[in-house]
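To start, the structure itself, in structure tokens.
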Number of protein chains: 4
Amino acid sequence: MRGEHAQGEFYVPLATSEGTLVASYNRGMKVLHESGGVKCAVVGDNMQRAPVFIFEDAAQARRFADWIVVNTDQIKAVSEASDPFIRLKHIDYYLASKFAYLRFNYTTGDAAGQNMVGKATFAACNWILQNCDEVEIRRYFLDGNIATDKKASMMNIMRTRGKRVTAEAVIKRDVLLEIMHADTESLYYHSKVASIGTMLAGANNNGCHSANAITAVFMATGQDVANVSESSAALLYGELLENKDLYMSITLPSLIVATCGGGTGLPTQRECLEALDCYGVGKVNKFAEIVAGTVLAGEISLAAAISSLDWVSSHEQMGRNDPVKGKV
Amino acid sequence: MRGEHAQGEFYVPLATSEGTLVASYNRGMKVLHESGGVKCAVVGDNMQRAPVFIFEDAAQARRFADWIVVNTDQIKAVSEASDPFIRLKHIDYYLASKFAYLRFNYTTGDAAGQNMVGKATFAACNWILQNCDEVEIRRYFLDGNIATDKKASMMNIMRTRGKRVTAEAVIKRDVLLEIMHADTESLYYHSKVASIGTMLAGANNNGCHSANAITAVFMATGQDVANVSESSAALLYGELLENKDLYMSITLPSLIVATCGGGTGLPTQRECLEALDCYGVGKVNKFAEIVAGTVLAGEISLAAAISSLDWVSSHEQMGRNDPVKGKV
Amino acid sequence: MRGEHAQGEFYVPLATSEGTLVASYNRGMKVLHESGGVKCAVVGDNMQRAPVFIFEDAAQARRFADWIVVNTDQIKAVSEASDPFIRLKHIDYYLASKFAYLRFNYTTGDAAGQNMVGKATFAACNWILQNCDEVEIRRYFLDGNIATDKKASMMNIMRTRGKRVTAEAVIKRDVLLEIMHADTESLYYHSKVASIGTMLAGANNNGCHSANAITAVFMATGQDVANVSESSAALLYGELLENKDLYMSITLPSLIVATCGGGTGLPTQRECLEALDCYGVGKVNKFAEIVAGTVLAGEISLAAAISSLDWVSSHEQMGRNDPVKGKV
Amino acid sequence: MRGEHAQGEFYVPLATSEGTLVASYNRGMKVLHESGGVKCAVVGDNMQRAPVFIFEDAAQARRFADWIVVNTDQIKAVSEASDPFIRLKHIDYYLASKFAYLRFNYTTGDAAGQNMVGKATFAACNWILQNCDEVEIRRYFLDGNIATDKKASMMNIMRTRGKRVTAEAVIKRDVLLEIMHADTESLYYHSKVASIGTMLAGANNNGCHSANAITAVFMATGQDVANVSESSAALLYGELLENKDLYMSITLPSLIVATCGGGTGLPTQRECLEALDCYGVGKVNKFAEIVAGTVLAGEISLAAAISSLDWVSSHEQMGRNDPVKGKV
């Protein structure tokens, strides 16, 4: 890996009962390694809580939003007082009907931070309720479904949730041929056809299977696995170079990861993070880069398998047998 | 539970490191129980593999699609010969540019069936490649990203992936007040405001947090947890009755579950399924209903907590402490 | 109308060949009028142009975005120098792969402003190309498809394009019954069922037919009718009050309107704008409110017709006959 | 044009007040013409009406859907009896909560057919209400928002609404250079970057501006211009060939067009259709192809202008001046 934070070689822990999966990621990593490694960068960082305030009419909701803009510094002070590690970056607002949906955007250090931002926003809302004399707040809820926690959404893809991280590599044509028995032209062509398929399907992911890597790493390292819902969103992009080597990148716009807090402190999970030197304070960007690099390895491996048509037969060889149903 | 398949009381296994989560689901289940239980029904069942065929031009892609329609019976015979448990229900096709995306829809008995449908579709594609003399197939890929496996998509929401299952209940007003300290009017109002938030956010789920229940049950029972990506899609709907009791339903359009095959046979996971009498052949619809009922319990519990404003404080009481970061 | 800008009674010009349409809007307006009128408010105002810059890698794209943030004041000065009526409000950026998509948000006075913002952003891009020494810009395009002009998009629904405007009214139950032969309970129930339908369909509009009003007014008043693509997005919301009167609101998040420039100066079109006292400088918010109020009238009328089942039969009575095909 | 129905040269009528627009389409058409023309094919044809039926619970909604499947032939007979030109192709159903949304798919000859399908579905619903003894229908609405008429939706993109039509061409590199001062490599690169922008924006169109051509042709030929809402959806796809010529295709999945009925019979509009030999019975596929070809011409022209950076300056030369605001 040639990331900004993750540099060198890593043995990535994958918790899965799918035998083919580990083999597939191994192959992809080998391709990346032989091609000169994978570049990674965390390009965004936001954790959100999104309350909604309700007014007599739309005009008052807009006046409230204006009031929030004017009072952002004080709201920032109140919310940040709730936790030493939290920073309020900005408050987005979205108006519809007589509702003002606020979306508080924080950084939360090396924790995933959903609970931290809940507390901070709760404090902010209390302050708002007590201090807003601009308009009468009829009602409010601490969550109005635009956070959007544990959900796939355009909001997360656009405005980032957790880490926004990109992994990039130039795949050498001869390496791909040797390891995967697929050429870069086919891989590239598949990515283009699959992107049209993605538009037809209305999917939040034009890659192959980011969820597999993310789930397996999340389970191994004590992440909140329910966040696979939003973390598996992905934007895949490829360019076939003049020499037929293939630039491939994948951007994960809403990867929720932590290197402290939550399940990261459980014994086995902590051990897995430590094996990556990713446990504790100051490690979360490094960890995010490793996840993204792993996802890219899996994309190349599966897309190459599809391109070379040995997809099902590889399942045949390494799959499991089940006493009840036979091969599944 | 008063499902078509799941009837009676069940202790649902949840694998999670979030203390508050189990407590929250317990409360929701208590509300459902005291309100007369939860009705469930599996209303759809489809597992897909979706190859793409490439032609000289769009007119040939359409002629190919017409040929597929004419030859569906033979394709059905070929694909079903690959496995004794698989049935091909219908083949959808989607045309764009010079591509014909086919989406094979199968039932796969009590297995999740992703690998079964891969094999069956591979066999079907081979037959197509050998027998289609209507147009020249320039190229084909076994997957064109419209399946859409392990991805959130409108395709899955509309056309079902795995089980489509609905849980419904009439929440008694006094029960909700007593157990959750929230009234049905607030819960109902929140669901309406949150639905507008969902439209604003472009989310695949207008409920609160289906992913939490689904992930915890999936981990406990040996499901493929990466399928949380699509399984967490949800359509929540509420009606406030004349007597202020509250009808609530949640529809999971793409719940991927199995009671045999994959990780379901692992010792602990099998034990969890057996505790629900959901291990093995003929149990998958019962299991799907239990998952849906659990999701509805969680919706009521969290929405009630949001409505009654004790959300963050309940995290305070039951949350974990972390030596590195303090409360997360 | 009881808007912030539009107050009193207006005869709204509709250019259409659909006889039933005008009759339907008339009925809806009568309902609104008899119920005490419609409140309107413009709650957002943004016109965009969105260039994309291309770099060696994702890390450089992020550094570029940071540089843009630091240099926003200068970019603002450059872009505003291109036109006396334009103001640059803020620049959003969206990072994916090695690309930085910038979205310049302007106000453009009473013009729709697509060309003004094109010029202003072109000037800004030239300044950026000449002055950015932070990273090497490999390439750039003046448009990267996130503007999103003349397209339906979540971007427009969330982040506003043109005017964001809400119309609200409390429909009196007896008025609706008398004029539309429908009760408010049915109308309300339909709006709820239709909203679930909207989620199933993945539509950008949970109302009935905003496009009809918008198109007819746009054609009459010299707007750019191609903007119906994004202008027809809508968020409908209803509340059944204790007395069974019905609060209904509709929010148009991306209504592109002008009261000067473009086709507004053509003779007939100008006359239509003048009849509303909406031609020229300082009138665009008033005009936006009138459009939104008209849309709400149509929503009530069609939803009531659906609720009272006379939908098709009203087409029968007032429709046209066509010599070639008979009734269409 | 080298379509299946439209063959030869056509002068396409565009009703617009944008001077630059006509010039831009002219250039694009010249590029297509010099490159050997544009191939077109109508690959789908569906007009819909979508009622919703409401039951006691989800299980009954499913039983109803099963009953519809069994009784499709009779429903077909009833609905087709309403009009001599209508054919019922198939009924899709979508289940959520206790609702069964049916989507009737018809062909309607050369009319757009929204009113025809309304009548036919109304007749079908009446028959269903009188004959369904399988379950108790609690309630029904003739429209449940999944049609989705005059709305942008994933439903329309996937399942076709109106005509699904593809235009394709191989753009010669030297022709593009000569006429547009842009090379095919840049055009191709822009289409790729713009497609990622489209995913980021959640747009229903990864092309440049299909709405401009569609609106201008619709106004000239008496189409229902409000249908620009769904007709402007588009899927653009490109391939750079070995010799650097560029294959480009655009698929319009939901183009609503008619050559008889509605406004097509008005004098000027009819004249425009007649100039294309597209007025009356048996002409609608030809007309759909011409629209698609025109859209592709505009895509090439605008994308080339963006690629060659003369976009704004061409507006400067040919734009209009407005006495109130100056250049817009």
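The values are calculated or read from the model by the stated rules, or taken from the named source; none is laboratory data. Everything numeric in this text was worked out from a predicted model, so none of it was measured. So basically every Cβ, Gly included, is an ideal-geometry build from the backbone, and we count neighbours across all protein chains shown. These accessible areas exclude ligands, DNA and RNA; they are computed on the full protein's heavy atoms, side chains included. Shrake-Rupley method; radii C 1.70, N 1.55, O 1.52, S 1.80 Å.
Is it fair to say C:Tyr106 is open to solvent by 40 Å² or more (accessible area, probe 1.4 Å), among the aromatic types (Phe, Trp, Tyr) and within 24 Å of the chain's Cα centre (by Cα)?
Against the criterion (open to solvent by 40 Å² or more (accessible area, probe 1.4 Å), among the aromatic types (Phe, Trp, Tyr) and within 24 Å of the chain's Cα centre (by Cα)), C:Tyr106 does not qualify.
If we keep just the residues of segment D:154-171 that are farther than 19 Å from D:Thr107 by Cα and touching a Ser or Thr at 6+ places or on another chain (Cβ under 8 Å), which is most open to solvent (accessible area, probe 1.4 Å)?
Looking at residues that are farther than 19 Å from D:Thr107 by Cα and touching a Ser or Thr at 6+ places or on another chain (Cβ under 8 Å), I get D:Val170.
Those residues that are among the small types (Gly, Ala, Ser), open to solvent by 10 Å² or more (accessible area, probe 1.4 Å) and out of contact with any Pro (no Cβ under 7 Å at 6 or more places or on another chain), I need them from segment B:266-289; list them, please.
Result: B:Gly282, single match.
Being over 11 Å from the mean Cα position of the chain (by Cα) and free of Cβ contacts under 8 Å to residues at least 40 places away in the same chain is the filter here, so list the residues in segment B:219-236 that pass it.
Matches in segment B:219-236: B:Val225 only.
Of all residues in segment C:218-258, how many are surrounded by 24 or more Cβ atoms within 10 Å (Cβ to Cβ), assigned to a helix (DSSP H, G or I) and more than 8 Å from every other protein chain (Cβ to nearest Cβ)?
4
Sort through A:Tyr106, A:Tyr101 and tell me the only one that's farther than 30 Å from C:Phe55 by Cα and hydroxyl-bearing (Ser, Thr, Tyr). Give the steps one after another, and end with the answer.
On the way: A:Tyr106 fails: farther than 30 Å from C:Phe55 by Cα.
One residue alone meets the criteria, A:Tyr101.
Of all residues in segment B:148-196, how many are outside any helix (DSSP H, G or I), within 25 Å of D:Gln60 (Cβ to Cβ) and within 11 Å of another protein chain (Cβ to nearest Cβ)?
Looking only at that region, the number is 9.
Could you please give the count of residues in segment B:109-123 that are within 17 Å of A:Thr20 (Cβ to Cβ) and open to solvent by 10 Å² or more (accessible area, probe 1.4 Å)?
Going through segment B:109-123 one residue at a time, the tally reaches 5.
If D:Ser314 satisfies every condition in (1) modelled with pLDDT under 95; (2) among the hydroxyl-bearing types (Ser, Thr, Tyr); (3) crowded, with 18+ Cβ neighbours inside 10 Å but one, which is the exception?
So D:Ser314 meets the others, but not (3).
Given the criteria more than 28 Å from A:Asn212 (Cα to Cα) and open to solvent by less than 20 Å² (accessible area, probe 1.4 Å), does B:Leu95 qualify? Show your work before the answer.
Values: more than 28 Å from A:Asn212 (Cα to Cα): yes; open to solvent by less than 20 Å² (accessible area, probe 1.4 Å): yes.
Considered against the rule, which asks whether it is more than 28 Å from A:Asn212 (Cα to Cα) and open to solvent by less than 20 Å² (accessible area, probe 1.4 Å), B:Leu95 comes out as yes.
For segment C:71-82, does any single residue satisfy the condition of being in contact with a Leu (Cβ under 7 Å, 6 or more places away or on another chain), within 11 Å of another protein chain (Cβ to nearest Cβ) and either closer than 30 Å to A:Ser249 by Cβ or surrounded by 18 or more Cβ atoms within 10 Å (Cβ to Cβ) (or both)?
There is no residue in segment C:71-82 that is in contact with a Leu (Cβ under 7 Å, 6 or more places away or on another chain), within 11 Å of another protein chain (Cβ to nearest Cβ) and either closer than 30 Å to A:Ser249 by Cβ or surrounded by 18 or more Cβ atoms within 10 Å (Cβ to Cβ) (or both).
Is at least one residue of segment D:125-142 open to solvent by 10 Å² or more (accessible area, probe 1.4 Å), facing chain C (nearest Cβ under 9 Å), within 30 Å of D:Ala61 (Cβ to Cβ) and part of a loop (DSSP other than H, G, I, E, B)?
No - not one qualifying residue is present in segment D:125-142.
So D:Glu9 passes all but one of these: (1) under 28 Å from D:Thr259 (Cβ atoms); (2) of a type in the set (Asp, Glu); (3) within 13 Å of chain B (Cβ to nearest Cβ); (4) open to solvent by 40 Å² or more (accessible area, probe 1.4 Å). Which condition number does it fail?
(3)
Got a sec? Which of A:Thr121, A:Thr160 is among the polar types (S, T, N, Q) and within 21 Å of the chain's Cα centre (by Cα)? Talk me through it step by step, then tell me what you get.
Working: A:Thr121 fails: within 21 Å of the chain's Cα centre (by Cα).
That would be A:Thr160, the only listed residue that is among the polar types (S, T, N, Q) and within 21 Å of the chain's Cα centre (by Cα).
Within segment C:259-277, take every residue that is more than 8 Å from every other protein chain (Cβ to nearest Cβ) and touching a residue at least 60 places away in the same chain (Cβ under 8 Å) and give me the one that is nearest to the chain's Cα centre (by Cα).
That would be C:Thr259.
Anything in segment D:26-70 that is away from chain B (no Cβ under 12 Å) and of a type in the set (D, E, K, R)? List them, or say none.
D:Arg27, D:Lys30, D:Glu34, D:Arg49 - these are the residues of segment D:26-70 that are away from chain B (no Cβ under 12 Å) and of a type in the set (D, E, K, R).
Within the set of pairs 6+ apart or on separate chains, which have a first residue in segment B:164-181 that is on the phi > 0 side of the Ramachandran plot, a second that is assigned to a helix (DSSP H, G or I) and modelled with pLDDT of 95 or more, and C-beta atoms under 8 Å apart?
B:His181/B:Ala304
Looking at (1) under 27 Å from B:Val175 (Cβ atoms); (2) crowded, with 19+ Cβ neighbours inside 10 Å, which one does B:Asp45 not meet, given that it meets all the others?
Only one criterion is unmet by B:Asp45, namely (1).
Just for segment B:48-60: of the residues that are open to solvent by 10 Å² or more (accessible area, probe 1.4 Å) and touching a residue at least 24 places away in the same chain (Cβ under 8 Å), which one is nearest to the chain's Cα centre (by Cα)?
So, considering only residues that are open to solvent by 10 Å² or more (accessible area, probe 1.4 Å) and touching a residue at least 24 places away in the same chain (Cβ under 8 Å), the one nearest to the chain's Cα centre (by Cα) is B:Arg49.
Report, ordered by the first and then the second residue, all pairs with beta carbons closer than 7 Å, sequence separation of six or more or different chains, a first member in segment D:71-91 that is under 16 Å from D:Leu129 (Cβ atoms), and a second member that is small (Gly, Ala, Ser) and modelled with pLDDT of 95 or more.
That search, which allows pairs on different chains as well, returns D:Ile75/D:Ala124; D:Val78/D:Ala123; D:Val78/D:Ala124; D:Ser79/D:Ala120; D:Ser79/D:Ala123; D:Ser79/D:Ala124; D:Ser82/D:Ala120; D:Ser82/D:Ala123.
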